[in-house]
Amino acid sequence: MLEGIPAVATGIGLLLGLMMLGLPVFIAFLLVNLIAIGIMLGPAGYGMFVNSIYETTTTGSLVTIPMFILMGEILFRSNAVNVLFHSIDTIVGKVRGRQYVLIVLLATIFSTLSGAAMGVAAMLSRSLLPAMIARGYDPKLSIGNILAGASLAPLIPPSVLAIIVGTLAGVSISGLLIAGILPGLFFASLFLAYTFIRVWLNPKLAPADDGLVSTPSTRDVVMALVRLIPFSIVILSVMGLILMGIATPTEAGAMGVLGALITAAIYRKFSLGLIVESVLASASISAMILIIMATSKLFSQLLAFTGGATALTQMVAGLDLSPWLMLLVLMGLPFILCMFIDQIALMLIMVPIYIPIVSSLGFDPLWFWLLFLVNITVGGMTPPFGYTLFAVKSGWKEGALSTVFSAAWPFVLLFVFGMVVLAVFPAMVTFLPSLL
Amino acid sequence: MSNLTKALQPLLRLQDAISLVGQWLGGLSLALIVVIYAYEVFVRYLMGAPTSWASDFVSFLLLISVFTVLPWLTREGGNVAVTLLPDYMPARGGQLLLRCGFVVAGIACLWVTYIGVQETLLLFQRNTMTLTTVRIPKWPLLALITFGLFNSGLYFFRLAARPNQAAHGGIHA
Amino acid sequence: EDFRMLTGWDTSYAPVTAVLDPFMQRLQEESDGNVNITRSGPETIPPFEQLDPVSRGLFDMLFTNGAYHYNETSIGMTLDAVSADPTQLRESGIWGYVDEQYQTLGLKLVAVLYDMNGYNIILKEPLGDNALEGRRVRGTPIYHPLIEKLGGAPVVLPASEIYPSLERGVVEGAAWPTVGAVGFRWFEVADYMMRPSFGQVGHVVLMNLDRWNALDDETKELIERVAGEFEMEAIDIFNDVVAKEEETLASEGMQVTELEGEFLPLIGETWYEGAMTLAAEQNAEAIAEVRRLAEEAGLTGAEGE
Ligand code: NA
Ligand code: NA
């Protein structure tokens, strides 16, 4: 029987090979799983196979994925996106590339509310992205901002990943979330700085401002704000219900759908046709994402079963290097592994092994685990494999996955650069929690 | 070959009809999720009387929405794939590679069907229920997973036979 | 011999490292290294799907709770319903009967490791005059009768949503074993724990039956002897774990809120009846037999025992 590290290497190699041949991603997972079960487990593994798919697709928290996609579909079809753009134009005025700010902001807000970067990436690439492209914004820069914004979600409450890391590593969950504030703002400003520098160097990346009123009157601005109200209903119905404890984040997604319907009604787009089109489209997109998640979950379980992921982690943990090099390998391993292994499964395997090393190296736990948290999210947007990447592609029918990949790289590098800065200046992480 | 295709026509149309109904059921499931959650939030927060069934039904509906929709999605070529290599190759070679991929995908789905049928029967015989507050037999859910993947598998074979059908499908065209 | 053990919890649930690991270690020592056990957790098989892979021999052993597989058999749930220490459990014949029932599914009961401190409800606010009246309390079905008896409304939420739901007030309380509030850090979002606790948490150790039958008699005897001894020791270990947790919780500002008055005598019986009734939905005949054995031996948790 194939075991340990060779099993992991074989599994990942086979998976990558199959994906590169152009097989649908979920089929690549399915096939590797089937082969692994056939070779290693035989009929005894059949139950594990079907139950894993059952388990993933009945996971309540994943309901946020179709809900946020549905919300986006309704908003998109009710012209809310254009109204939003127009209001921003009026209020912000002639700042070239201003809608990139909107897209990174919406990506961050929605993904933090939904707790599922996938749902939001798909939603924005369905609704906001085509509108951006139609207006002459650069597809890659827009996609990059969606990916980057969505990947900030675990740093901002509510955050399922922060709760899991806190629980497994025994560090304060509220501390982690507070520790995430400055890094979150820092990353956001990195993305914006990068975007504006790109636009400044190459003005073609954002449309010229022909036809825009140069100095809008007070009345224009007020009207623009008024027109934002219906859209705000959606954000408020989601955020407000979560913050006031009326609904769980999952339920709040469904309430956001109702909010979107109200918005559609205000914009006089509400109709049975709108509802039918929206639910059909959302069902397709969420099925694309969930079938990948379901099959990849089983892949993670099988990797755990071989003991290879544990062996690999123990090997890295057992290295005798200087603290800085240790930090590099301790972060490098999850960065690579989380391209293939489900984030939660990865944490269950790695965190217990890492805990003693973190303390023996004298690292500040909040600082270390926050970096870890950022690390595994960025894995989701690092080509060639990442849920967020696939989610963007699911939503963006017209585009190619290769475009999504090349859109992702600069922002992955920005994340890596940001993490290096956080590593060198730990106070950016530990300062706010120290005030508690 | 063309005779075979002709003979198959009614069957293929039947398959399409079933899958289209599936697509609609999937959409309906999402709509039901919205309604159920809205009801749950309403009765829990305003009436202080949470239901015991809302979260269970929502989780069943999530599964239903995925596997009722999957076949039609496959028919339309909607599954996410990393087609860098086939796109990069000369047209005929790339096309051939994709078609081989669809055959492999079809075989994988049939393999899953083989496993799924056995497991569904086992659960049926054992009368295993779901581990939820509202308990329903687990086998129909497993049967749906199996059917969804089986039907998708058939579409992969159809895509292998006529790959161009998919290329321009587009779910919302 | 090498055994693969599957556990229903990861290591943030203290009993995995504090109770199971010493048990595995004891088996290894007393067998002079003949019984070697390695464990894997929920990252391999999700907690509620674990019975099947062990009964099929994908894993050799399982460390879990009866409620985690009550869709396959509810016999293990009765272990949490009764009021008995391991000796009473064996003397009453319940231990043997539960083992018999698991054997029909291809599993051998090896040990029942009891946390006698049982279950509790953690709360955002102290108990009122009418116990939990008007409060939404998260709980799996086994808790529902008790939550309702105390006037609360049971809310069904996955364990992963307990922290944020308590934080935001989606629920005002959550029912869970007394061990857990430290590991899951609920003390960050709730300030009270209801006492007395109720029931007892049965952590069962099961083995694949074919694997068991294939062992030589010497090894079987060794495992049975060590398991029998360790069942009693586990109670003390669990008490230590709970005492340590309560100390931590107190230092984090969590306080005890005492249930008083008319509700107090109802808890034991409500818990027993609730758990048994739920269990009977799955295996009516077997549960009736456990009820008979428990009533004969006076282990039903009713007041006045
Ligand atoms: Na978040
Ligand atoms: Na990745």
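The values are calculated or read from the model by the stated rules, or taken from the named source; none is laboratory data. Being a predicted model, the structure only gives us computed values, none of them experimental. FYI the Cβ positions are ideal-geometry reconstructions off the backbone, even for glycines, and counts take in every protein chain you see.
Here are some notes:
- In this entry, A:PHE335 is excluded by the filter for residues that are among the aromatic types (Phe, Trp, Tyr), at the interface with another protein chain (Cβ under 10 Å from one of its Cβ atoms) and assigned to a helix (DSSP H, G or I).
- Every residue from the range A:109-140 that is assigned to a helix (DSSP H, G or I), within 12 Å of A:ILE156 (Cβ to Cβ) and among the small types (Gly, Ala, Ser): A:SER111, A:SER114, A:ALA117
- Top-ranked residue in the range A:167-196 [being free of Cβ contacts under 8 Å to residues at least 24 places away in the same chain and surrounded by 20 or more Cβ atoms within 10 Å (Cβ to Cβ); ranked as nearest to ligand 1 (Cβ to nearest atom)]: A:LEU177
- Residue match in the range C:101-116 (condition: at pLDDT 95 or above, assigned to a loop (DSSP other than H, G, I, E, B) and of a type in the set (S, T, N, Q)): yes
- Restricted to the range A:1-82, the set of helices (runs of 4 or more DSSP H) holding at least 3 residues that are surrounded by fewer than 23 Cβ atoms within 10 Å (Cβ to Cβ) and more than 10 Å from chain B (Cβ to nearest Cβ) comprises A:4-20.
- Residue among A:LEU141, A:LEU155, A:LEU124 that is more than 14 Å from chain C (Cβ to nearest Cβ), under 18 Å from A:ALA179 (Cα atoms) and away from ligand 2 (no atom under 16 Å from the Cβ): A:LEU155
- Hey, A:PRO157 in contact (Cβ under 8 Å) with a residue 40 or more places away in the chain, away from ligand 1 (no atom under 16 Å from the Cβ) and either in a loop (DSSP other than H, G, I, E, B) or surrounded by 22 or more Cβ atoms within 10 Å (Cβ to Cβ) (or both) or not: no
- Yes/no for A:ILE229 being out of contact with any Leu (no Cβ under 8 Å at 6 or more places or on another chain), surrounded by fewer than 22 Cβ atoms within 10 Å (Cβ to Cβ) and either under 30 Å from C:GLY180 (Cβ atoms) or among the hydrophobic types (A, V, I, L, M, F, W, C) (or both): yes
- Looking only at residues in the range B:3-28 that are small (Gly, Ala, Ser) and crowded, with 16+ Cβ neighbours inside 10 Å, the one that is farthest from A:THR58 (Cα to Cα) is B:SER19.
- One residue stands out among those in the range B:29-56 that are of a type in the set (A, V, I, L, M) and either more than 7 Å from chain A (Cβ to nearest Cβ) or exposed (fewer than 15 other Cβ atoms within 10 Å of the Cβ) (or both): the one that is farthest from C:VAL171 (Cα to Cα), which is B:LEU32.
- Restricting the first member to the range B:78-91 and to residues that are closer than 18 Å to B:ALA105 by Cβ, and the second to residues that are among the small types (Gly, Ala, Ser) and at pLDDT below 80, the beta-carbon pairs closer than 8 Å and six or more apart or on different chains are B:GLY78/B:GLY169.
- Assessment of the range C:32-42 against the conditions (assigned to a strand (DSSP E or B), among the small types (Gly, Ala, Ser) and within 14 Å of chain A (Cβ to nearest Cβ)) yields at least one matching residue.
- Here C:LEU113 qualifies as under 21 Å from C:TYR68 (Cα atoms) and in contact with a His (Cβ under 7 Å, 6 or more places away or on another chain).
- Residue match in the range B:112-130 (condition: touching a residue at least 40 places away in the same chain (Cβ under 8 Å) and in contact with a helix residue (DSSP H, G or I) (Cβ under 6 Å, 6 or more places away or on another chain)): yes
- Residue match in the range A:362-384 (condition: free of Cβ contacts under 8 Å to residues at least 24 places away in the same chain and over 27 Å from A:ILE181 (Cβ atoms)): no
- Qualifying residue in the range C:218-225 (condition: in contact (Cβ under 8 Å) with a residue 60 or more places away in the chain, buried (at least 18 other Cβ atoms within 10 Å of the Cβ) and closer than 30 Å to C:GLY128 by Cβ): no
- Considering the range A:365-401, the residues that are within 28 Å of A:ALA311 (Cβ to Cβ) and away from ligand 2 (no atom under 14 Å from the Cβ) include one that is farthest from the other protein chains (Cβ to nearest Cβ), namely A:LEU371.
- Residue match in the range A:4-22 (condition: in contact with a Gly (Cβ under 7 Å, 6 or more places away or on another chain), more than 29 Å from C:THR38 (Cβ to Cβ) and free of Cβ contacts under 8 Å to residues at least 24 places away in the same chain): yes
- On inspection, C:VAL171 qualifies as crowded, with 23+ Cβ neighbours inside 10 Å and hydrophobic (A, V, I, L, M, F, W, C).
Residue by residue, here is whether (1) charged (D, E, K, R); (2) over 22 Å from A:SER237 (Cβ atoms); (3) within 16 Å of ligand 2 (Cβ to nearest atom); (4) modelled with pLDDT of 90 or more holds:
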{"site": "A:GLU55", "(1), (2), (3), (4)": "yes, yes, no, yes"}
{"site": "A:SER61", "(1), (2), (3), (4)": "no, no, no, no"}
{"site": "A:PHE76", "(1), (2), (3), (4)": "no, no, no, no"}
{"site": "A:ASN79", "(1), (2), (3), (4)": "no, no, no, no"}
{"site": "A:SER87", "(1), (2), (3), (4)": "no, no, no, no"}
{"site": "A:LYS94", "(1), (2), (3), (4)": "yes, yes, no, no"}
{"site": "A:ALA117", "(1), (2), (3), (4)": "no, no, yes, no"}
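- Hits in the range C:158-171 (condition: facing chain A (nearest Cβ under 7 Å) and not in a helix (DSSP H, G or I)): C:PRO158, C:GLY169, C:VAL170
- Condition check for C:GLU218: of a type in the set (D, E, K, R) and in contact with a helix residue (DSSP H, G or I) (Cβ under 7 Å, 6 or more places away or on another chain): no
- Applying the set (1) modelled with pLDDT of 90 or more; (2) within 14 Å of ligand 1 (Cβ to nearest atom) to A:ALA162 leaves exactly one unmet item: (1).
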